[in-house]
1. Starting from the range 149-167, take each residue that is in contact (Cβ under 8 Å) with a residue 12 or more places away in the chain and list its partners that are crowded, with 23+ Cβ neighbours inside 10 Å and part of a loop (DSSP other than H, G, I, E, B), counting only C-beta distances under 9 angstrom and pairs at least six apart or across chains.
2. Hey, any hits in the range 314-331 for a residue that's over 14 Å from GLU229 (Cα atoms), in a helix (DSSP H, G or I) and at pLDDT below 95?
3. Under 9 Å by Cβ, and 6 or more places apart or on different chains, what pairs join a residue from the range 283-294 that is in contact (Cβ under 8 Å) with a residue 12 or more places away in the chain with one that is among the aliphatic types (A, V, I, L, M) and in a loop (DSSP other than H, G, I, E, B)?
4. Only one of ILE59, ILE68 is assigned to a loop (DSSP other than H, G, I, E, B), within 12 Å of the ligand (Cβ to nearest atom) and at pLDDT 95 or above. Can you tell me which?
5. Within the range 13-52, take every residue that is among the β-branched types (Val, Ile, Thr) and more than 18 Å from PRO192 (Cα to Cα) and give me the one that is surrounded by the most Cβ atoms within 10 Å (Cβ to Cβ).
6. Does the range 284-294 contain at least one residue that is surrounded by fewer than 16 Cβ atoms within 10 Å (Cβ to Cβ) and touching a Ser or Thr at 6+ places or on another chain (Cβ under 6 Å)?
7. Are there any helices (runs of 4 or more DSSP H) wholly within the range 85-141 with 1 or more residues that are of a type outside the set (A, V, I, L, M) and within 13 Å of the ligand (Cβ to nearest atom), and if so which?
8. Conditions: (1) over 30 Å from ASP300 (Cβ atoms); (2) surrounded by fewer than 21 Cβ atoms within 10 Å (Cβ to Cβ); (3) aliphatic (A, V, I, L, M). ALA76 meets all but one. Number of the miss?
Amino acid sequence: MKIIVTGGAGFIGSALIKLILAETSDTVINVDKLTYAGCLETLEPVAGNNRYIFEKADIADRAAMERIFSEHQPDAIMHLAAESHVDRSIHGAADFVQTNLVGTFILLEVARAYFNALPDDRKQGFRFHHISTDEVFGDLEPDAHPFTEETPYHPSSPYSATKAGSDHLVRAWGRTYGLPIVVTNCSNNYGPYQFPEKLIPRIIRNALEGRPLPVYGDGSQIRDWLYVEDHARALHLVLTRGELGSTYNIGGKNEKKNIEVVHQICDLLNELRPVADHDYRSLITFVTDRPGHDRRYAIDCSKIGSELGWEPRETFSTGLRQTVQWYLDNDDWVAMICARQEKQDQFL
Ligand code: NAD
(Lines give C-alpha, C1' and ligand atoms only; values in the text may rest on other atoms or scores of the structure.)
Protein backbone atom coordinates (compact mmCIF):
# COMPACT_ATOMS: atom_id res chain seq x y z
CA MET A 1 0.00 0.00 0.00
CA LYS A 2 0.89 3.65 -0.42
CA ILE A 3 -0.24 5.49 2.70
CA ILE A 4 -0.39 9.23 3.26
CA VAL A 5 0.28 9.98 6.93
CA THR A 6 -0.54 13.57 7.89
CA GLY A 7 1.30 14.95 10.92
CA GLY A 8 4.02 12.32 10.51
CA ALA A 9 6.69 14.55 12.04
CA GLY A 10 4.79 14.67 15.34
CA PHE A 11 4.97 12.38 18.35
CA ILE A 12 2.49 9.67 17.31
CA GLY A 13 2.88 10.10 13.53
CA SER A 14 6.63 9.49 13.66
CA ALA A 15 6.17 6.34 15.77
CA LEU A 16 3.53 5.14 13.29
CA ILE A 17 5.76 5.77 10.25
CA LYS A 18 8.68 3.91 11.82
CA LEU A 19 6.41 0.98 12.67
CA ILE A 20 4.91 0.79 9.16
CA LEU A 21 8.32 0.92 7.49
CA ALA A 22 9.78 -1.66 9.89
CA GLU A 23 6.95 -4.17 9.92
CA THR A 24 5.30 -3.93 6.47
CA SER A 25 6.30 -3.40 2.86
CA ASP A 26 4.09 -0.29 2.57
CA THR A 27 5.26 3.10 1.30
CA VAL A 28 4.59 6.17 3.44
CA ILE A 29 4.13 9.76 2.30
CA ASN A 30 4.55 11.99 5.33
CA VAL A 31 2.59 15.25 4.87
CA ASP A 32 3.52 17.73 7.58
CA LYS A 33 3.62 21.51 7.84
CA LEU A 34 6.38 21.33 10.48
CA THR A 35 4.79 23.54 13.11
CA TYR A 36 6.65 23.94 16.42
CA ALA A 37 5.52 20.35 17.22
CA GLY A 38 6.93 18.79 14.05
CA CYS A 39 10.45 17.38 14.20
CA LEU A 40 12.08 15.79 11.15
CA GLU A 41 15.12 14.76 13.20
CA THR A 42 12.87 12.15 14.87
CA LEU A 43 12.58 10.50 11.46
CA GLU A 44 16.30 10.56 10.63
CA PRO A 45 16.60 6.74 10.98
CA VAL A 46 14.13 6.29 8.08
CA ALA A 47 14.94 9.39 6.02
CA GLY A 48 16.97 7.37 3.49
CA ASN A 49 14.42 4.57 3.16
CA ASN A 50 13.14 4.36 -0.44
CA ARG A 51 9.63 3.64 0.88
CA TYR A 52 9.56 6.96 2.76
CA ILE A 53 8.68 10.32 1.16
CA PHE A 54 8.37 13.66 2.92
CA GLU A 55 6.09 16.46 1.71
CA LYS A 56 6.22 19.73 3.65
CA ALA A 57 2.68 21.08 3.31
CA ASP A 58 -0.27 22.48 5.21
CA ILE A 59 -3.35 20.22 5.17
CA ALA A 60 -5.50 23.35 4.82
CA ASP A 61 -3.77 24.19 1.50
CA ARG A 62 -6.17 22.66 -1.02
CA ALA A 63 -3.88 23.05 -4.05
CA ALA A 64 -1.01 21.37 -2.20
CA MET A 65 -3.25 18.49 -1.08
CA GLU A 66 -4.59 18.02 -4.62
CA ARG A 67 -1.07 17.88 -6.01
CA ILE A 68 0.05 15.38 -3.34
CA PHE A 69 -2.92 13.04 -3.93
CA SER A 70 -2.54 13.23 -7.68
CA GLU A 71 1.23 12.71 -7.65
CA HIS A 72 1.41 9.87 -5.10
CA GLN A 73 -1.88 8.04 -5.85
CA PRO A 74 -2.35 6.77 -2.27
CA ASP A 75 -4.34 3.66 -1.26
CA ALA A 76 -5.12 5.15 2.14
CA ILE A 77 -4.74 8.23 4.30
CA MET A 78 -4.08 8.25 8.03
CA HIS A 79 -4.92 11.70 9.32
CA LEU A 80 -3.02 12.70 12.46
CA ALA A 81 -2.05 16.32 11.71
CA ALA A 82 -3.53 18.55 14.39
CA GLU A 83 -2.84 21.22 16.91
CA SER A 84 -2.76 18.97 19.96
CA HIS A 85 -1.87 20.81 23.18
CA VAL A 86 -4.85 21.72 25.40
CA ASP A 87 -3.06 24.58 27.22
CA ARG A 88 -2.16 26.22 23.93
CA SER A 89 -5.78 25.95 22.77
CA ILE A 90 -6.89 27.86 25.89
CA HIS A 91 -4.40 30.66 25.19
CA GLY A 92 -5.42 30.91 21.52
CA ALA A 93 -7.82 28.69 19.60
CA ALA A 94 -7.39 30.10 16.08
CA ASP A 95 -4.75 27.60 14.92
CA PHE A 96 -6.87 24.76 16.36
CA VAL A 97 -9.93 25.82 14.39
CA GLN A 98 -7.84 26.31 11.27
CA THR A 99 -5.97 23.00 11.29
CA ASN A 100 -8.29 20.64 13.15
CA LEU A 101 -11.52 21.80 11.50
CA VAL A 102 -10.71 23.66 8.27
CA GLY A 103 -7.70 21.42 7.54
CA THR A 104 -9.74 18.25 8.04
CA PHE A 105 -12.51 19.65 5.83
CA ILE A 106 -10.03 20.40 3.01
CA LEU A 107 -8.50 16.95 3.32
CA LEU A 108 -11.94 15.32 3.18
CA GLU A 109 -12.89 17.27 0.07
CA VAL A 110 -9.64 16.44 -1.72
CA ALA A 111 -9.87 12.77 -0.67
CA ARG A 112 -13.50 12.61 -1.84
CA ALA A 113 -12.70 13.94 -5.32
CA TYR A 114 -9.69 11.61 -5.55
CA PHE A 115 -11.73 8.59 -4.37
CA ASN A 116 -14.58 9.29 -6.80
CA ALA A 117 -12.15 9.24 -9.72
CA LEU A 118 -10.52 5.93 -8.71
CA PRO A 119 -11.23 2.78 -10.75
CA ASP A 120 -13.63 0.37 -8.98
CA ASP A 121 -10.97 -2.17 -8.01
CA ARG A 122 -8.93 0.53 -6.22
CA LYS A 123 -12.04 2.04 -4.60
CA GLN A 124 -12.60 -1.24 -2.70
CA GLY A 125 -9.50 -0.91 -0.57
CA PHE A 126 -9.33 2.86 -0.12
CA ARG A 127 -9.59 4.17 3.47
CA PHE A 128 -9.66 7.59 5.13
CA HIS A 129 -8.57 6.87 8.72
CA HIS A 130 -9.15 9.76 11.10
CA ILE A 131 -7.13 9.66 14.32
CA SER A 132 -8.81 11.30 17.29
CA THR A 133 -8.82 11.49 21.06
CA ASP A 134 -10.86 10.36 24.08
CA GLU A 135 -11.05 14.03 25.12
CA VAL A 136 -14.05 14.46 22.78
CA PHE A 137 -16.17 12.56 25.33
CA GLY A 138 -15.51 15.11 28.10
CA ASP A 139 -15.53 14.63 31.84
CA LEU A 140 -16.20 11.12 33.21
CA GLU A 141 -17.68 10.67 36.70
CA PRO A 142 -15.37 8.78 39.09
CA ASP A 143 -17.55 5.65 39.21
CA ALA A 144 -18.89 5.77 35.63
CA HIS A 145 -18.17 3.06 33.06
CA PRO A 146 -15.25 4.03 30.75
CA PHE A 147 -16.03 5.63 27.36
CA THR A 148 -17.38 3.24 24.73
CA GLU A 149 -17.82 3.91 21.02
CA GLU A 150 -21.44 4.88 21.86
CA THR A 151 -20.63 7.52 24.49
CA PRO A 152 -22.05 10.96 23.50
CA TYR A 153 -19.62 13.80 22.83
CA HIS A 154 -19.15 16.51 25.50
CA PRO A 155 -15.88 18.26 24.69
CA SER A 156 -14.64 20.79 27.27
CA SER A 157 -11.60 22.59 25.82
CA PRO A 158 -11.08 24.39 22.52
CA TYR A 159 -8.75 21.50 21.58
CA SER A 160 -11.30 18.76 22.25
CA ALA A 161 -14.11 20.81 20.67
CA THR A 162 -12.18 21.10 17.41
CA LYS A 163 -11.27 17.41 17.47
CA ALA A 164 -14.94 16.55 18.13
CA GLY A 165 -15.95 18.74 15.18
CA SER A 166 -13.41 17.02 12.95
CA ASP A 167 -14.74 13.57 13.98
CA HIS A 168 -18.26 14.69 13.02
CA LEU A 169 -17.05 15.98 9.66
CA VAL A 170 -15.31 12.69 8.88
CA ARG A 171 -18.38 10.61 9.78
CA ALA A 172 -20.61 12.95 7.74
CA TRP A 173 -18.35 12.52 4.68
CA GLY A 174 -18.68 8.77 5.17
CA ARG A 175 -22.45 8.81 5.53
CA THR A 176 -23.33 11.53 3.01
CA TYR A 177 -20.74 11.02 0.29
CA GLY A 178 -19.79 7.36 0.77
CA LEU A 179 -16.15 8.14 1.54
CA PRO A 180 -14.75 4.94 3.10
CA ILE A 181 -13.79 6.08 6.58
CA VAL A 182 -12.68 4.63 9.90
CA VAL A 183 -12.24 6.65 13.11
CA THR A 184 -10.21 5.89 16.21
CA ASN A 185 -10.43 7.66 19.58
CA CYS A 186 -7.44 7.07 21.80
CA SER A 187 -6.46 7.89 25.36
CA ASN A 188 -3.33 9.78 26.50
CA ASN A 189 -0.14 8.59 24.81
CA TYR A 190 3.36 8.61 26.25
CA GLY A 191 6.75 7.39 25.11
CA PRO A 192 9.96 8.52 23.39
CA TYR A 193 10.02 11.70 21.25
CA GLN A 194 7.01 13.36 22.90
CA PHE A 195 7.21 17.15 22.72
CA PRO A 196 8.48 18.44 26.10
CA GLU A 197 5.39 20.58 26.80
CA LYS A 198 3.29 17.47 27.61
CA LEU A 199 3.02 16.15 31.19
CA ILE A 200 5.46 13.22 31.27
CA PRO A 201 8.41 14.71 29.31
CA ARG A 202 7.91 18.06 31.03
CA ILE A 203 8.13 16.48 34.50
CA ILE A 204 11.25 14.52 33.49
CA ARG A 205 12.93 17.60 32.03
CA ASN A 206 12.13 19.87 35.00
CA ALA A 207 13.26 17.19 37.47
CA LEU A 208 16.60 16.76 35.71
CA GLU A 209 17.11 20.53 35.77
CA GLY A 210 16.19 20.70 39.51
CA ARG A 211 13.18 22.92 38.72
CA PRO A 212 9.68 22.73 40.30
CA LEU A 213 7.43 19.94 38.99
CA PRO A 214 4.11 21.72 38.28
CA VAL A 215 0.98 19.65 39.02
CA TYR A 216 -2.44 21.13 38.22
CA GLY A 217 -4.88 21.49 41.16
CA ASP A 218 -4.46 18.61 43.61
CA GLY A 219 -3.23 16.22 40.91
CA SER A 220 -6.28 13.96 41.23
CA GLN A 221 -7.25 14.14 37.53
CA ILE A 222 -7.31 10.64 36.04
CA ARG A 223 -6.02 9.73 32.59
CA ASP A 224 -5.77 6.35 30.85
CA TRP A 225 -2.17 6.03 29.58
CA LEU A 226 -1.11 4.15 26.46
CA TYR A 227 2.45 3.55 25.23
CA VAL A 228 2.84 5.22 21.81
CA GLU A 229 4.01 2.06 19.97
CA ASP A 230 0.92 0.21 21.20
CA HIS A 231 -1.19 3.02 19.71
CA ALA A 232 0.72 2.88 16.41
CA ARG A 233 0.16 -0.89 16.21
CA ALA A 234 -3.57 -0.42 16.87
CA LEU A 235 -3.81 2.25 14.17
CA HIS A 236 -2.27 0.04 11.49
CA LEU A 237 -4.55 -2.83 12.51
CA VAL A 238 -7.66 -0.65 12.25
CA LEU A 239 -6.55 0.71 8.88
CA THR A 240 -6.02 -2.73 7.41
CA ARG A 241 -8.66 -4.83 9.22
CA GLY A 242 -11.13 -2.42 10.79
CA GLU A 243 -14.74 -2.51 9.66
CA LEU A 244 -15.60 0.14 7.09
CA GLY A 245 -17.43 3.13 8.62
CA SER A 246 -16.65 1.96 12.14
CA THR A 247 -15.17 3.66 15.20
CA TYR A 248 -12.70 1.98 17.55
CA ASN A 249 -11.72 3.21 21.00
CA ILE A 250 -8.09 2.59 21.91
CA GLY A 251 -6.87 2.72 25.50
CA GLY A 252 -4.12 1.51 27.75
CA LYS A 253 -6.18 -0.02 30.60
CA ASN A 254 -3.92 2.12 32.79
CA GLU A 255 -6.04 4.64 34.71
CA LYS A 256 -3.73 6.82 36.83
CA LYS A 257 -4.09 10.05 38.77
CA ASN A 258 -1.70 12.72 37.51
CA ILE A 259 -0.02 12.85 40.91
CA GLU A 260 0.58 9.07 40.77
CA VAL A 261 2.24 9.51 37.37
CA VAL A 262 4.49 12.25 38.76
CA HIS A 263 5.36 10.13 41.81
CA GLN A 264 6.26 7.18 39.59
CA ILE A 265 8.52 9.35 37.41
CA CYS A 266 10.25 10.73 40.52
CA ASP A 267 10.79 7.23 41.89
CA LEU A 268 12.29 6.04 38.58
CA LEU A 269 14.60 9.06 38.48
CA ASN A 270 15.61 8.46 42.12
CA GLU A 271 16.66 4.98 40.99
CA LEU A 272 18.15 5.75 37.56
CA ARG A 273 19.67 9.24 38.07
CA PRO A 274 19.91 9.78 41.86
CA VAL A 275 21.08 13.14 43.20
CA ALA A 276 22.72 13.47 46.60
CA ASP A 277 20.84 16.42 48.04
CA HIS A 278 17.17 15.69 47.30
CA ASP A 279 14.44 13.19 46.47
CA TYR A 280 12.82 14.27 43.15
CA ARG A 281 9.40 14.18 44.86
CA SER A 282 10.45 17.22 46.92
CA LEU A 283 10.29 19.32 43.70
CA ILE A 284 6.52 18.74 43.26
CA THR A 285 4.59 22.04 43.28
CA PHE A 286 0.81 22.30 43.03
CA VAL A 287 -0.29 25.09 40.66
CA THR A 288 -3.67 26.69 39.84
CA ASP A 289 -5.82 24.23 37.93
CA ARG A 290 -6.39 24.59 34.19
CA PRO A 291 -9.83 26.14 33.41
CA GLY A 292 -12.39 23.54 32.34
CA HIS A 293 -10.03 20.72 33.35
CA ASP A 294 -11.75 17.33 32.95
CA ARG A 295 -11.33 15.14 36.03
CA ARG A 296 -11.34 11.72 34.45
CA TYR A 297 -10.93 10.02 31.07
CA ALA A 298 -11.01 6.26 30.69
CA ILE A 299 -11.46 4.06 27.65
CA ASP A 300 -13.33 0.80 27.24
CA CYS A 301 -11.27 -0.77 24.45
CA SER A 302 -13.05 -4.13 24.41
CA LYS A 303 -14.32 -3.66 20.82
CA ILE A 304 -10.86 -3.44 19.22
CA GLY A 305 -9.83 -6.33 21.49
CA SER A 306 -12.65 -8.67 20.56
CA GLU A 307 -12.99 -7.71 16.86
CA LEU A 308 -9.35 -7.24 15.90
CA GLY A 309 -7.45 -9.03 18.67
CA TRP A 310 -5.51 -5.93 19.76
CA GLU A 311 -4.05 -5.71 23.25
CA PRO A 312 -1.49 -3.23 24.56
CA ARG A 313 1.91 -4.90 24.98
CA GLU A 314 3.26 -2.48 27.60
CA THR A 315 1.97 -2.00 31.13
CA PHE A 316 2.34 1.50 32.56
CA SER A 317 5.32 0.36 34.64
CA THR A 318 7.24 -1.15 31.72
CA GLY A 319 6.35 1.67 29.33
CA LEU A 320 7.19 4.44 31.78
CA ARG A 321 10.54 2.88 32.66
CA GLN A 322 11.47 2.74 28.95
CA THR A 323 10.28 6.32 28.48
CA VAL A 324 12.25 7.75 31.41
CA GLN A 325 15.34 5.84 30.29
CA TRP A 326 14.90 7.18 26.73
CA TYR A 327 14.74 10.79 27.94
CA LEU A 328 17.85 10.19 30.09
CA ASP A 329 19.70 8.83 27.06
CA ASN A 330 18.46 11.53 24.64
CA ASP A 331 18.90 14.84 26.42
CA ASP A 332 20.44 16.27 23.21
CA TRP A 333 17.10 15.71 21.37
CA VAL A 334 15.20 17.43 24.20
CA ALA A 335 17.70 20.34 24.30
CA MET A 336 17.48 20.76 20.51
CA ILE A 337 13.65 20.77 20.53
CA CYS A 338 13.43 23.18 23.47
CA ALA A 339 15.99 25.61 22.03
CA ARG A 340 14.15 25.66 18.70
CA GLN A 341 10.78 26.16 20.35
CA GLU A 342 11.94 28.83 22.80
CA LYS A 343 13.14 30.79 19.79
CA GLN A 344 9.67 30.51 18.24
CA ASP A 345 7.76 31.59 21.34
CA GLN A 346 8.13 31.94 25.06
CA PHE A 347 5.42 29.43 25.94
CA LEU A 348 7.22 26.84 28.10
P1 NAD B 1 1.86 16.44 17.82
O2 NAD B 1 1.44 17.80 18.26
O3 NAD B 1 3.07 15.82 18.45
O4 NAD B 1 2.10 16.40 16.24
C5 NAD B 1 1.23 17.03 15.34
C6 NAD B 1 1.92 17.08 13.99
O7 NAD B 1 1.00 17.69 13.06
C8 NAD B 1 3.18 17.93 13.97
O9 NAD B 1 4.23 17.24 13.29
C10 NAD B 1 2.78 19.19 13.23
O11 NAD B 1 3.86 19.79 12.51
C12 NAD B 1 1.71 18.65 12.29
N13 NAD B 1 0.75 19.69 11.86
C14 NAD B 1 0.09 20.58 12.65
N15 NAD B 1 -0.69 21.38 11.90
C16 NAD B 1 -0.53 20.97 10.61
C17 NAD B 1 -1.09 21.39 9.37
N18 NAD B 1 -1.95 22.42 9.30
N19 NAD B 1 -0.72 20.75 8.24
C20 NAD B 1 0.16 19.71 8.29
N21 NAD B 1 0.74 19.28 9.43
C22 NAD B 1 0.39 19.90 10.58
O23 NAD B 1 0.58 15.53 18.04
P24 NAD B 1 0.49 14.00 18.50
O25 NAD B 1 0.53 13.94 19.97
O26 NAD B 1 1.44 13.18 17.69
O27 NAD B 1 -1.01 13.66 18.05
C28 NAD B 1 -1.29 13.23 16.73
C29 NAD B 1 -2.78 13.03 16.57
O30 NAD B 1 -3.25 12.08 17.51
C31 NAD B 1 -3.60 14.30 16.80
O32 NAD B 1 -4.64 14.33 15.85
C33 NAD B 1 -4.16 14.15 18.20
O34 NAD B 1 -5.39 14.81 18.34
C35 NAD B 1 -4.32 12.64 18.29
N36 NAD B 1 -4.21 12.07 19.63
C37 NAD B 1 -3.13 12.39 20.44
C38 NAD B 1 -3.03 11.81 21.70
C39 NAD B 1 -1.85 12.10 22.61
O40 NAD B 1 -1.86 11.70 23.78
N41 NAD B 1 -0.79 12.76 22.14
C42 NAD B 1 -4.02 10.94 22.16
C43 NAD B 1 -5.10 10.64 21.30
C44 NAD B 1 -5.17 11.20 20.05
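1. TYR159/ALA82; TYR159/GLU83; TYR159/SER84; THR162/ALA82; THR162/GLU83; LYS163/ALA82; LYS163/SER84; SER166/ALA82
2. Looking for residues that are over 14 Å from GLU229 (Cα atoms), in a helix (DSSP H, G or I) and at pLDDT below 95, one finds at least one in the range 314-331, hence yes.
3. These pairs meet every condition: ASP294/LEU140.
4. Among ILE59, ILE68, only ILE59 is assigned to a loop (DSSP other than H, G, I, E, B), within 12 Å of the ligand (Cβ to nearest atom) and at pLDDT 95 or above.
5. Checking each candidate, the answer is VAL31.
6. Taking every residue of the range 284-294 in turn, at least one turns out to be surrounded by fewer than 16 Cβ atoms within 10 Å (Cβ to Cβ) and touching a Ser or Thr at 6+ places or on another chain (Cβ under 6 Å).
7. So the answer is 86-91, 104-116.
8. (1)
The values are calculated or read from the model by the stated rules, or taken from the named source; none is laboratory data. Since we're looking at a predicted model, the values are computed, not measured. FYI the Cβ positions are ideal-geometry reconstructions off the backbone, even for glycines, and counts take in every protein chain you see.
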